[in-house]
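Trainee: I have a structure I would like to understand better, so I am pasting it below and will then ask my questions one at a time.
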Amino acid sequence: MVYNSIQHSGALVQSLQEEVKELREEVPNQISAQDETTLPESNKLASRGNSIPSRPVKYKLFWLIPSNVVATGHWYNEEPTCKAHNVPLGIGMSKVSIQISLKEDVPLARGNDHLKTIGDAFGSFIAWPTPFIIKEQLI
């Protein structure tokens, strides 16, 4: 009985690994198929390159799901070499400033010795995962 259970678990793990592999192969194809005309207006600025906008862009930061907005403020840059608190952003991160912290106890995606939560970062620049930013408009 135990042997059959172990065999079933092994088959399940292998099936899940194959599914993950297929999904990983699909993601780049979906991204390359999406052109600027399919992007929402708020995200077109980011698709035009990693240059610093002439004016800050209003944004909302969310955590895990778009309806879980944790802060609002200004988006400045997503250039991987740009720094926030002397640390390069790296790929997939943006430099933002927090003007209003809505959920102060939410941990920062990349904190430091002094800044650990959204509340700590009020009025400061931080690095935040670009996919978790909803850009609104030019100021």
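Trainee: What about PRO40, is it surrounded by 15 or more Cβ atoms within 10 Å (Cβ to Cβ) and modelled with pLDDT under 85?
Mentor: no
Trainee: Could you go through the stretch 105-123 and let me know if any residue there is at positive phi and either in a strand (DSSP E or B) or not aliphatic (A, V, I, L, M) (or both).
Mentor: yes
Trainee: Going by the structure shown, is PRO56 in contact with a His (Cβ under 8 Å, 6 or more places away or on another chain) and modelled with pLDDT under 90?
Mentor: Yes; evaluated as a whole, the condition is true for this residue.
Trainee: If I go through the stretch 75-90 residue by residue, how many of them are part of a strand (DSSP E or B) and surrounded by 13 or more Cβ atoms within 10 Å (Cβ to Cβ)?
Mentor: Number of matching residues: 6.
Trainee: Moving on. Residue by residue through the stretch 124-134, note down the ones that are under 11 Å from GLY73 (Cβ atoms), in a strand (DSSP E or B) and of a type outside the set (Phe, Trp, Tyr).
Mentor: ILE126, ILE133
Trainee: Looking at the stretch 91-98, can you tell me whether even one residue there is without any contact (Cβ under 8 Å) to a residue 24 or more places away in the chain and surrounded by fewer than 16 Cβ atoms within 10 Å (Cβ to Cβ)?
Mentor: Yes, the stretch 91-98 contains at least one residue that is without any contact (Cβ under 8 Å) to a residue 24 or more places away in the chain and surrounded by fewer than 16 Cβ atoms within 10 Å (Cβ to Cβ).
Trainee: Still on this structure, please answer the following. Identify all residues within the stretch 99-139 that are surrounded by 15 or more Cβ atoms within 10 Å (Cβ to Cβ) and out of contact with any strand residue (DSSP E or B) (no Cβ under 8 Å at 6 or more places or on another chain); write none if there are none.
Mentor: Within the stretch 99-139, ASP120 is the sole residue that qualifies.
The values are calculated or read from the model by the stated rules, or taken from the named source; none is laboratory data. Treat the numbers as computed from the prediction; the structure is a model and nothing was measured. Backbone-built Cβ (ideal geometry, glycine too); neighbour counts: all protein chains shown.
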